[in-house]
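**Q** Sharing a structure below in structure tokens format, with a few things to ask.
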Amino acid sequence: MVYLALDKTLVFCYYSISVKKIKKSSKRQLFVGLLILALVGACGFLYNRGQANNEIAGIGTPGQPGYINLEPATEEDKQRADTNKQRLIERQEQEKNQQPQPAGTKKEVMPAVYVGQYQNTIEVDASVASIFEDGGTCIATFTRGDLSFAKSVQAVKNVNTVDCPTMSALISEFSQKGPWSVTVKYTSGSAEGTSKPMDFEVK
């Protein structure tokens, strides 16, 4: 478009000058001038045609409509593609291995447990992945040999998990100091499961 406008401007300017000097110019000079104008016009036409062909071929100008990057993929592009492919494969494997629950049975779950002592209190937190529901119950059972006692709390629904709010036990509730273990059981109308024992020290 810029070259077409330039072509028209050159034609107009040259025409204006030619009108003033046409009486003084020879036919040969007029012929040369017209030839130059024709060459300029041809160059503009060829340039615009090349631009159009580039857009059709998907080359164009970066950021403009119709632009496609035809350069070879970088290592980062290849790595991103491989990562997306691997995620798709893993998702398909999970879906394939996911067994439907028989009617009337509960889904088996295993809570993830976190335990620690804070001053004179033992605190236990847990979360259950792969479920998203209300109404579940979390039961933390503290054990040392034949000694045991439990704490329970109502589970709460999170973004993509069910969480067990902190279950606290005072140090005075432990009849002995030293090593103990705790397990958390989650139970609801549709799911149930117990965590692996987590060891901790009562000081």
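**Q** For the stretch 123-154, give me the residue count where each residue is more than 12 Å from Thr183 (Cβ to Cβ), polar (S, T, N, Q) and free of Cβ contacts under 8 Å to residues at least 40 places away in the same chain.
**A** Here the count works out to 4.
**Q** If you don't mind, another one. Is at least one residue of the stretch 149-172 in contact with a helix residue (DSSP H, G or I) (Cβ under 7 Å, 6 or more places away or on another chain), surrounded by 10 or more Cβ atoms within 10 Å (Cβ to Cβ) and at pLDDT 95 or above?
**A** Yes: one or more hits.
**Q** Taking only the stretch 99-122 into account, find how many residues are in contact with an Asp or Glu (Cβ under 8 Å, 6 or more places away or on another chain) and under 30 Å from Lys177 (Cβ atoms).
**A** Total meeting the criteria: 5.
The values are calculated or read from the model by the stated rules, or taken from the named source; none is laboratory data. Model, not experiment: these values are computed from the prediction. Note: ideal-geometry Cβ built from the backbone for every residue, glycine included; neighbour counts use all protein chains shown.
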